[in-house]
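Supplied in structure tokens, the structure appears directly below.
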Amino acid sequence: PDRRVDCCPPLFAEALSQARAIFDELRAAPPRFRLINLRTPFMQNSWYHNIPKLKRGRHAHNPLHLSPEDMAALGLAEGDPVHVESAHGRLLASAHGDRSLRPGVVAMTHGWGNAGSTGLRVARAHPGVNVNALLPTGPGSYEKLSNQAFMTGVPVSVSAAN
């Protein structure tokens, strides 16, 4: 009616308010790890599950990537088994040192977890760990403006599985 562009409609204002609350919560929270999604050209969503050439060497599984400082603080060596737990689930992975990560940030590639997949011989042989087990589900588990699920920045604890 006033011929002006509304640069901050109510839905946007609500999203900004929610973001501020999340950042305040992060600042006040006790030190924990934050899980982010790791992108790799060897696994795009679930598209490359069954391609043998992409399931070799260090790309044959999806370890938990940690900074060298965090690995040392937890007493972990390369390949050690670790428990990763969130408010939504728990999984067992192997530790992998990654100098590109800041302390307190851990990362895993999504799109794995094919132990029960039928008809996917290669994927079943290299099932990996389904990081979705750590993610929130249901009401409030997605961002309202984009309808994107909350899949990164998830608070997790990490401990040696020995």
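Say each of Asn162 and Asn147 gets a label point 7 Å from the Cα, pointing the same way as Cα to Cβ; how far apart are those two points in nm?
Result: 4.9 nm between the two label points.
Would you tally the net charge around Met71, using a Cβ to Cβ cut-off of less than 15 Å, leaving Met71 out, and scoring K and R as +1, D and E as -1?
Once all neighbours under 15 Å are counted, the net charge is -3.
With the crude spin-label approximation of a point 7 Å out along Cα→Cβ, what separation in nm comes out for Thr137 versus Phe23?
Calculated label separation equals 3.2 nm.
Can you run phi through the Karplus equation (6.51, -1.76, 1.60; θ = phi - 60°) for the stretch 2-9 and list ³J(HN,Hα) in whole Hz, with x for Gly and Pro?
8, 6, 10, 7, 8, 7, 9, x
Just want the ordering: Leu92, Leu66, Leu120, from fewest to most Cβ atoms lying within 10 Å of their own Cβ.
Fewest to most other Cβ atoms nearby, the residues stand as Leu92, Leu120, Leu66.
I need Ile36, Ile22 ordered by Cβ neighbour count within 10 Å, fewest first.
If I rank by nearby Cβ atoms, fewest first, I get Ile22, Ile36.
Let me ask you something else. What order do you get for Phe12, Phe23 when you list them from fewest to most C-beta neighbours inside 10 Å?
Fewest-to-most ranking of Phe12, Phe23: Phe23, Phe12.
Throughout, read-outs are computed from the coordinates displayed, never taken from laboratory work. None of these values were measured; they are calculated from a predicted model. FYI the Cβ positions are ideal-geometry reconstructions off the backbone, even for glycines, and counts take in every protein chain you see.
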